[in-house]
Amino acid sequence: MENNALKIRVVADTEEDIFIDLIASKSSNLLSIHNLLVKTLELDSNEIASFYLSNNNWDKGDEITLFNMSLEDDDDGSIQKSMENTSLENLLSDGISKLLYLHDFLNMNIFYVEFLNEETLNFNESLQVTHQLGKYAPKKFDDDSNFEEIDP
């Protein structure tokens with residue numbers, strides 16, 4: 001089955017070289033990318049995560065949240081960007097080619113997401129990993145080692 005696909009590279013913010021290449025249907029949303037990353041990188045599925053629009057300098061821009069966090073009585077009428085309502089196709093049409101992915105706001109697991117190129121490919125699933133280098137070890141907060149005791 002031929003699909004308009006997007007080749008994507010996700011690189012972990014670590015000293016070791018750790019990355020994942022994947023292909024995704026352009027109609028895929030960021031929630032499906034999030035779910036794939038949680039599964040493939042063995043991240044804690046109970047933690048909050050966000051994508052951030054980025055640029056060539058990897059600056060953090062507007063946030064795309066895991067859930068729609070807007071209140072019904074928002075006065076400005078703007079639509080909160082959430083992973084479920086943000087498709088790859090919409091990002092591409094807005095000229096976005098880079099995102100930051102932040103998983104677990106306490107431990108700050110950070111990944112650089114780059115849209116490499118668009119192609120028409122034969123693949124059955126809307127999202128699949130094509131290559132992975134290295135094994136990511138999610139950062140874990142250690143209660144005892146991060147605080148110094150202060151003598152009264």
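The values are calculated or read from the model by the stated rules, or taken from the named source; none is laboratory data. It should be emphasised that the depicted structure is a prediction, and the values quoted were computed from it without experimental measurement. Cβ: placed from backbone, ideal geometry, glycine included. Neighbour counts: every protein chain shown. Heads up: the accessible areas ignore ligands, DNA and RNA and are worked out on the full protein's heavy atoms, side chains in. Shrake-Rupley method; radii C 1.70, N 1.55, O 1.52, S 1.80 Å.
This table checks each residue for (1) at pLDDT below 90; (2) within 30 Å of S87 (Cβ to Cβ); (3) loosely packed, with under 10 Cβ neighbours inside 10 Å.
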| position | (1), (2), (3) |
| --- | --- |
| E118 | yes, yes, no |
| F123 | yes, yes, no |
| S126 | yes, yes, no |
| V129 | no, yes, no |
| D142 | yes, no, yes |
| S145 | yes, no, yes |
| E148 | yes, no, yes |
| P152 | yes, no, yes |
Item to check | Residue count for region 48-69, restricted to those that are in a loop (DSSP other than H, G, I, E, B) and either open to solvent by 60 Å² or more (accessible area, probe 1.4 Å) or modelled with pLDDT of 95 or more (or both) | outcome: 12
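Of all residues in region 11-33 being among the β-branched types (V, I, T) and more than 13 Å from the chain's Cα centre (by Cα), which is farthest from K135 (Cα to Cα)? Walk me through it before giving the result.
In the first step, residues of region 11-33 are kept if they are among the β-branched types (V, I, T); the result is 11, 14, 18, 20, 23, 33.
This time we only want the ones that are more than 13 Å from the chain's Cα centre (by Cα), so: 14, 18, 23.
Details: T14: 11, I18: 7, I23: 19 Å.
Across region 11-33, the extreme among qualifying residues is I23.
Name every residue in region 10-36 that is charged (D, E, K, R), surrounded by fewer than 18 Cβ atoms within 10 Å (Cβ to Cβ) and assigned to a loop (DSSP other than H, G, I, E, B), in order of residue number.
Initially, region 10-36 is screened for residues charged (D, E, K, R), giving 13, 15-17, 21, 26.
With the extra rule that they be surrounded by fewer than 18 Cβ atoms within 10 Å (Cβ to Cβ), the set shrinks to 13, 15-17, 21.
The answer is D13, E15, E16, D17.
Of the residues K7, K39, only one is charged (D, E, K, R), surrounded by fewer than 17 Cβ atoms within 10 Å (Cβ to Cβ) and part of a strand (DSSP E or B); which?
Values: K39 fails: part of a strand (DSSP E or B).
None of the other options fit; the residue is K7.
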